[in-house]
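Each remark here refers to the structure printed beneath this line.
Bear in mind these aren't lab numbers, they're just calculated from the coordinates by the rules spelled out. None of these values were measured; they are calculated from a predicted model. Positions of Cβ are generated from backbone atoms using ideal geometry, with glycine treated the same way; all protein chains shown enter the neighbour counts.
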Amino acid sequence: MDFEYSPKVKEMRERLLAFFDQHIYPNEKRFHQELQANREAGNVWVPVKLIEELKPLAREAGLWNLFLPRSKRAPEGLSNLEYAPLCEIMGRVPWSPEVFNCSAPDTGNMETLERYASEALKDQWLEPLLRGEIRSAFLMTEPGVASSDATNIACRIERDGDHYVINGTKWWSSGAGDPRCKIYIVMGKTNPDAGRHEQQSMILVPADTPGITVKRHLTVFGYDDAPHGHMEIELKDVRVPAENMLLGEGRGFEIAQGRLGPGRIHHCMRSIGVAERALELMCKRSLSRVAFGKPVARQGVTQERIAEARCEIEMARLLTLKAAYMMDTVGNKVAKAEIAMIKVVAPNVALKVIDWAMQVHGAAGVSSDFPLANWWAHQRTLRFADGPDEVHRNAIAKLELAKHMQVSADEISMPVTRGS
Ligand SMILES: Cc1cc2nc3c(=O)[nH]c(=O)nc-3n(C[C@H](O)[C@H](O)[C@H](O)COP(=O)(O)OP(=O)(O)OC[C@H]3O[C@@H](n4cnc5c(N)ncnc54)[C@H](O)[C@@H]3O)c2cc1C
């Protein structure tokens, strides 16, 4: 086993770290000031100027679309294993991935288009996304049904001549609050009478198609996450050309399986970055504050938590790297146990470390003078987004039990369903 980063990754890491020192960390305050100024001026749903200023610098520095797997359009693309340490760095500042055109849900959506869209659709939508000119949203979850079971998705996609007509209501459509969000990938039912996993399809829907109403933004623990946003969207008799169907009718599950692997591991890589940063803040604060005659860092409980945080971050990173390695070498399908494991482990580790860091900060830790509360809120959502913990744990348990099914088949009855 070789734990060294390749020379190419080492060099890119150095370049990315230098970019962070020069352009990202010094602008953290400015980002929040600009958002606040937009809010006070009455419209926070506009692109952040700072990010637009930094994008050309990232491109010049060769730090653009780093998430993109090797393909015809990206001959220099990175493997998941190569991308992991770079994505982790971006996780240290939650708004930074967009500077490098590496933010969710665009990365997952771009990968979906790259894998499953026709060349004409790629030219129309993937190219401007790769250039960072437009943004995208993924519309699966619905208020009316338990969406962690994607077979429940009820939105209808019906063929009408050379068009499809779409009717349904979606919510938690992340990124759809941004005025640059021009394209939606919509999941819905084309054939309710087909087999359980052949009913759903995915189709491209331009955001300005008549019949689409963005009804409201949802908040996360009170944060609106503007200008990105998590929106509730109504689709009423929305007509799109039949060519917008991805891969073919009834193949939505197949696409979801392909899309969610990379999307999930990217979240995990960023979770590790934010956990590292929280641990740094925890150490610095505990060294700087004296209580009951000694620095908080000298209290046994603080040291215990610092040590535990270091152990858990290292474990989460190694599991993420293993999952990334398997995705690269044996494919997302075979790596499904590792992807599910890391999707449970990484956000929970990050939440624990951020919580301990908040505790060390005292009341200041939950205020907006420090980033910890915001980080915690975001990490908490990852225990739902891209599948709740329980669903991933069920999948892990099923795979584990399956290893022993021949021995104890009578004792264990397994539902014949696919994991999410
Ligand atoms: C910040 C944020 C951003 C999001 N972005 C997007 C997005 O861009 N696009 C999109 O389509 N969706 C998005 N989502 C939605 C997310 O994917 C769903 O919330 C998730 O899939 C769960 O679906 P649900 O909310 O309908 O929960 P439900 O399906 O109603 O489940 C509720 C709870 O039931 C329990 N449960 C479910 N299944 C099982 C099981 N098998 N075993 C045990 N317990 C179980 C779990 O505790 C679960 O949390 C986002 C969510 C958040 C919070």
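Brief remarks follow.
- Rounded, prolate or oblate (a/c below 1.5 giving rounded, otherwise prolate when a/b exceeds b/c) for the stretch 234-290 by Cα gyration tensor: prolate
- Phi-based couplings in Hz for the stretch 88-104 (Karplus 6.51, -1.76, 1.60; Gly and Pro marked x): 4, 4, 5, x, 5, 10, x, 7, 6, x, 5, 4, 9, 6, 10, 9, 7
- Shape class for the stretch 253-411, computed from the alpha carbon gyration tensor (a ≥ b ≥ c): prolate, with a/c not under 1.5 and a/b above b/c.
- Working note: Karplus 6.51/-1.76/1.60 with θ = phi - 60° gives the stretch 286-293 the couplings 5, 6, 8, 10, 10, 9, 6, x Hz, where Gly and Pro are set to x.
- For the chain, averaging the sequence separation of C-alpha pairs within contact (under 8 Å, six or more residues apart) and dividing by the residue count gives a relative contact order of 14 percent.
- Euclidean distance between Cα centres, the stretch 185-237 to the stretch 257-322, Å: 35
- Highest-fluctuation residue, 396, 157, 203 considered, GNM on the chain with Cα pairs under 10 Å: 396
- Placed amide H near residue 228: partners under 5 Å, 5+ positions off or other chain: none
- Förster radius 30 Å - calculated FRET efficiency between residue 406 and residue 4, Cβ distance, rounded to 0.05: 0.15
- Cα gyration tensor shape for the stretch 135-245, rounded if a/c is under 1.5, else prolate or oblate: oblate
- Rounded to the nearest 10 degrees, the inclination of helix 336-361 to the longest alpha-carbon principal axis of the chain is 40 degrees.
- The amide H of residue 164, built 1.01 Å from its N in the peptide plane, has 240, 242 as neighbours under 5 Å, considering only residues 5 or more places off or on other chains.
- Amide H contacts under 5 Å for residue 142: 147, 171, restricted to partners 5 or more places along the chain or on a different chain, H placed in the peptide plane at 1.01 Å from N.
- Magnitude of the charge dipole for the stretch 7-117, about its Cα centre and with charges confined to Cβ atoms of Lys, Arg (+1) and Asp, Glu (-1), is about 180 debye.
- Spread of Cα-to-Cα distances over 10 Å intervals beginning at zero, given as percent, for the stretch 7-117: 13, 44, 30, 12, 1
- The relative contact order of the stretch 253-411 comes to 28 percent, based on Cα pairs under 8 Å that sit 6 or more residues apart.
- Summing Cβ point charges (Lys, Arg +1; Asp, Glu -1) relative to the Cα centre of the chain gives a dipole of roughly 820 debye.
- The stretch 135-245, relative contact order in percent, only Cα pairs under 8 angstrom and at least six apart counted: 32
- Net charge dipole size for the stretch 253-411 [Lys, Arg +1 and Asp, Glu -1 on Cβ; Debye, nearest 20]: 480
- Here the 3J(HN,Hα) profile of the stretch 43-50, calculated from phi with Karplus coefficients 6.51, -1.76 and 1.60 at θ = phi - 60°, is 8, 9, 8, 10, x, 7, 4, 3 Hz, Gly and Pro shown as x.
- Largest-first ellipsoid semi-axes for the chain, taking √(5λ) over the Cα gyration tensor eigenvalues, angstrom: 35, 27, 22
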